[in-house]
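K.L.:
Below is the structure I would like to discuss, written out as structure tokens.
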């Protein structure tokens with residue numbers, strides 16, 4: 001993981017109309033699509049073909065063609081390809097696009113709670129033809145940009161949010177619950193950043209506890225709650241992602257890659273890599 005911070009500052013092509021879409025194509029299985037990160041914007045991932053694992057919060061989702069993945073504001077997320085051919089769309093929207101100039105019922109009941117991360121949407125939308133069709137229409141308007149596309153996009157985004165609110169609300173948080181959620185996300189950001197920058201070193205739970213300012217018990221519980229993994233599982237995944245990158249993009253030998261990724265035992269590295277990536281390090285090189 002070669003990123004400096006898990007919090008991503010999102011740039012928009014047009015700051016006055018903050019929504020964007022792009023089509024992403026991968027042709028290898030086991031590729032990290034994006035590292036663990038979070039941002040304030042809503043993100044929609046629509047799978048056109050192939051399969052991927054998208055991790056939202058602590059939940060891994062095996063996404064298939066036709067699936068829509070909704071990433072809530074401030075939700076830690078991560079992705080890896082499962083099949084050798086993968087095509088998916090990424091649509092990122094700032095909810096300020098839907099804010100009204102005056103305080104009305106739509107604003108106070110729906111838009112503000114979503115923007116404030118107090119109303120959480122279900123991550124996986126599968127088999128809901130109306131919602132999927134609406135996502136198709138939104139993507140089409142964003143790609144074509146015909147005259148008046150701004151009106152059409154706002155209309156489609158309102159319709160998409162209506163469909164999601166009617167059928168796919170996961171949780172409604174109180175202000176106190178939201179504050180606690182954000183406190184935990186922010187508390188663990190330096191921990192994730194430290195792991196990303198020091199994955200090749202010995203990383204003890206006690207060291208990471210100290211960074212978070214928590215007891216070992218509370219640290220381990222909250223870490224698992226946020227990531228869905230134990231500390232050991234998370235660190236191993238970070239090292240394997242780095243090893244995957246080095247194997248694909250550098251001339252280093254397998255032994256050198258293992259050492260550079262934080263693995264001291266070449267046999268353990270090879271066995272662990274094959275278990276998680278479904279291919280051995282040496283096979284990846286051929």
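K.L.:
Among the residues of segment 85-104, is there at least one that is part of a loop (DSSP other than H, G, I, E, B), closer than 27 Å to residue 127 by Cβ and modelled with pLDDT of 90 or more? So that I can check it myself, show each step before the final result.
P.N.:
Start the filter on segment 85-104 by keeping residues that are part of a loop (DSSP other than H, G, I, E, B), which leaves 85, 94, 99-104.
Within this subset, residues satisfying the condition of being closer than 27 Å to residue 127 by Cβ are 85.
Checking the rest, the ones that are also modelled with pLDDT of 90 or more come to 85.
Within segment 85-104 (the criterion being part of a loop (DSSP other than H, G, I, E, B), closer than 27 Å to residue 127 by Cβ and modelled with pLDDT of 90 or more), the answer is yes, since at least one residue qualifies.
K.L.:
Still on this structure: In segment 239-260, what residues are without any contact (Cβ under 8 Å) to a residue 60 or more places away in the chain and either farther than 16 Å from residue 30 by Cα or assigned to a loop (DSSP other than H, G, I, E, B) (or both)?
P.N.:
Once the filter is applied, which keeps residues that are without any contact (Cβ under 8 Å) to a residue 60 or more places away in the chain and either farther than 16 Å from residue 30 by Cα or assigned to a loop (DSSP other than H, G, I, E, B) (or both), segment 239-260 yields 250, 251, 252, 253, 254, 255, 256, 257, 258, 259.
K.L.:
Taking the condition more than 18 Å from residue 224 (Cα to Cα), without any contact (Cβ under 8 Å) to a residue 24 or more places away in the chain and surrounded by 12 or more Cβ atoms within 10 Å (Cβ to Cβ), does residue 156 pass?
P.N.:
Details: more than 18 Å from residue 224 (Cα to Cα): yes; without any contact (Cβ under 8 Å) to a residue 24 or more places away in the chain: yes; surrounded by 12 or more Cβ atoms within 10 Å (Cβ to Cβ): yes.
Here the answer is yes, as residue 156 does meet what is asked.
K.L.:
Please go through segment 98-141 and give me each residue that is in contact with a helix residue (DSSP H, G or I) (Cβ under 8 Å, 6 or more places away or on another chain) and more than 25 Å from residue 78 (Cα to Cα), ordered by number.
P.N.:
Result: 98, 99, 100, 110, 111, 130, 137, 141.
K.L.:
May I ask you to list pairs of residues, at least six apart or on different chains, whose Cβ atoms are under 8 Å apart, with the first in segment 85-99 being under 12 Å from residue 52 (Cα atoms) and the second being part of a loop (DSSP other than H, G, I, E, B)?
P.N.:
85/27; 85/50; 86/27; 86/50; 86/51; 87/50; 88/50
K.L.:
Among the residues in segment 197-212, are any closer than 25 Å to residue 42 by Cβ, in a helix (DSSP H, G or I) and either over 23 Å from the mean Cα position of the chain (by Cα) or touching a residue at least 24 places away in the same chain (Cβ under 8 Å) (or both)?
P.N.:
Taking segment 197-212 and keeping what is closer than 25 Å to residue 42 by Cβ, we get none.
Checking segment 197-212: not a single residue is closer than 25 Å to residue 42 by Cβ, in a helix (DSSP H, G or I) and either over 23 Å from the mean Cα position of the chain (by Cα) or touching a residue at least 24 places away in the same chain (Cβ under 8 Å) (or both).
K.L.:
Something else about it: Which count do you get for residues in segment 137-153 that are free of Cβ contacts under 8 Å to residues at least 12 places away in the same chain, more than 19 Å from residue 99 (Cβ to Cβ) and loosely packed, with under 14 Cβ neighbours inside 10 Å?
P.N.:
5
K.L.:
Let me ask something additional. Among (1) over 19 Å from the mean Cα position of the chain (by Cα); (2) at pLDDT 80 or above, there is one condition residue 188 misses while meeting the rest; what is its number?
P.N.:
Among (1) over 19 Å from the mean Cα position of the chain (by Cα); (2) at pLDDT 80 or above, the lone unmet condition for residue 188 is (1).
K.L.:
Against the definition (assigned to a helix (DSSP H, G or I), free of Cβ contacts under 8 Å to residues at least 60 places away in the same chain, under 21 Å from residue 60 (Cβ atoms) and out of contact with any helix residue (DSSP H, G or I) (no Cβ under 7 Å at 6 or more places or on another chain)), how does residue 177 come out, yes or no?
P.N.:
Taking the combined requirement at face value, the residue does not satisfy it.
For every residue, the table says whether it meets (1) touching a helix residue (DSSP H, G or I) at 6+ places or on another chain (Cβ under 9 Å); (2) surrounded by fewer than 17 Cβ atoms within 10 Å (Cβ to Cβ); (3) closer than 12 Å to residue 125 by Cα.
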site	(1), (2), (3)
42	yes, no, no
47	no, no, yes
52	no, no, no
58	yes, yes, no
66	yes, yes, yes
69	no, no, yes
73	yes, no, no
77	no, no, no
81	no, no, no
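K.L.:
Additional query: Do we have any residue at all in segment 214-229 that's touching a helix residue (DSSP H, G or I) at 6+ places or on another chain (Cβ under 8 Å), loosely packed, with under 15 Cβ neighbours inside 10 Å, without any contact (Cβ under 8 Å) to a residue 60 or more places away in the chain and in a loop (DSSP other than H, G, I, E, B)? Talk me through it step by step, then tell me what you get.
P.N.:
Of the residues in segment 214-229, the ones touching a helix residue (DSSP H, G or I) at 6+ places or on another chain (Cβ under 8 Å) are 214-216, 219-220, 222-223, 225-227, 229.
Going one step further and asking which of them are loosely packed, with under 15 Cβ neighbours inside 10 Å, we end up with 215-216, 225.
Still in the list and also without any contact (Cβ under 8 Å) to a residue 60 or more places away in the chain: 215-216.
So of that shortlist, the ones also in a loop (DSSP other than H, G, I, E, B) come out as 215.
Taking every residue of segment 214-229 in turn, at least one turns out to be touching a helix residue (DSSP H, G or I) at 6+ places or on another chain (Cβ under 8 Å), loosely packed, with under 15 Cβ neighbours inside 10 Å, without any contact (Cβ under 8 Å) to a residue 60 or more places away in the chain and in a loop (DSSP other than H, G, I, E, B).
K.L.:
Taking residue 165 as the residue in question, decide whether it is farther than 22 Å from residue 12 by Cα, in contact (Cβ under 8 Å) with a residue 12 or more places away in the chain and crowded, with 20+ Cβ neighbours inside 10 Å.
P.N.:
On the way: farther than 22 Å from residue 12 by Cα: yes; in contact (Cβ under 8 Å) with a residue 12 or more places away in the chain: yes; crowded, with 20+ Cβ neighbours inside 10 Å: no.
The answer is no for residue 165.
K.L.:
Among the listed residues 273, 263, identify the single one that is at pLDDT below 95, touching a helix residue (DSSP H, G or I) at 6+ places or on another chain (Cβ under 6 Å) and either closer than 23 Å to residue 34 by Cα or assigned to a helix (DSSP H, G or I) (or both). Let's see the steps before the verdict.
P.N.:
Numbers: 263 fails: at pLDDT below 95.
None of the others qualify; the one that does is 273.
K.L.:
Next question. Only one of (1) modelled with pLDDT under 95; (2) surrounded by 16 or more Cβ atoms within 10 Å (Cβ to Cβ); (3) farther than 23 Å from residue 57 by Cα fails for residue 201. Which number is that?
P.N.:
Answer for residue 201: the failing condition is (2).
The values are calculated or read from the model by the stated rules, or taken from the named source; none is laboratory data. Predicted, not measured: the structure shown is a model, and the values here were computed from it. Positions of Cβ are generated from backbone atoms using ideal geometry, with glycine treated the same way; all protein chains shown enter the neighbour counts.
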